[in-house]
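**Student:** Structure provided below as structure tokens; questions to follow.
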Amino acid sequence: FGEPLCVDGWALRRALHARLSQLFRRATLDPAAAFIFLALSALDFERLRGEIMRRVAFPRLPLAT
């Protein structure tokens, strides 16, 4: 995520999430599924952390969609 423009960040994250979800469905019984699950969890926690920080910094803004 460091090289592309900041504007492309959310689109890249969505594409990564979609690709990881696809790989996770295909590799459910493989040991690699555990690492794919961890990567998906990391993306979810990053989004959660960002939302919590946004709410702390700007408490009057509406919820993100």
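The values are calculated or read from the model by the stated rules, or taken from the named source; none is laboratory data. Note that this is a predicted model, so its numbers are computed, not measured. Here Cβ is always computed from backbone atoms with ideal geometry, including for glycine, and neighbour counts include all displayed protein chains. Each accessible area value is taken on the protein alone, full model and side chains, heavy atoms only, with ligands, DNA and RNA left out. Shrake-Rupley method; radii C 1.70, N 1.55, O 1.52, S 1.80 Å.
**Student:** Within region 49-65, track down each residue that is in a helix (DSSP H, G or I), open to solvent by 100 Å² or more (accessible area, probe 1.4 Å) and not aliphatic (A, V, I, L, M).
**Tutor:** Arg49, Arg55
**Student:** Taking Glu46 as the residue in question, decide whether it is open to solvent by less than 60 Å² (accessible area, probe 1.4 Å), assigned to a helix (DSSP H, G or I) and without any contact (Cβ under 8 Å) to a residue 60 or more places away in the chain.
**Tutor:** For Glu46, the condition - open to solvent by less than 60 Å² (accessible area, probe 1.4 Å), assigned to a helix (DSSP H, G or I) and without any contact (Cβ under 8 Å) to a residue 60 or more places away in the chain - is not met.
**Student:** What are the residue pairs meeting all of these: first residue in region 22-37, first residue open to solvent by less than 60 Å² (accessible area, probe 1.4 Å), second residue assigned to a loop (DSSP other than H, G, I, E, B) and modelled with pLDDT under 95, Cβ atoms under 6 Å, and 6 or more apart or on different chains?
**Tutor:** Close Cβ pairs satisfying both conditions: Ala33/Ala27.
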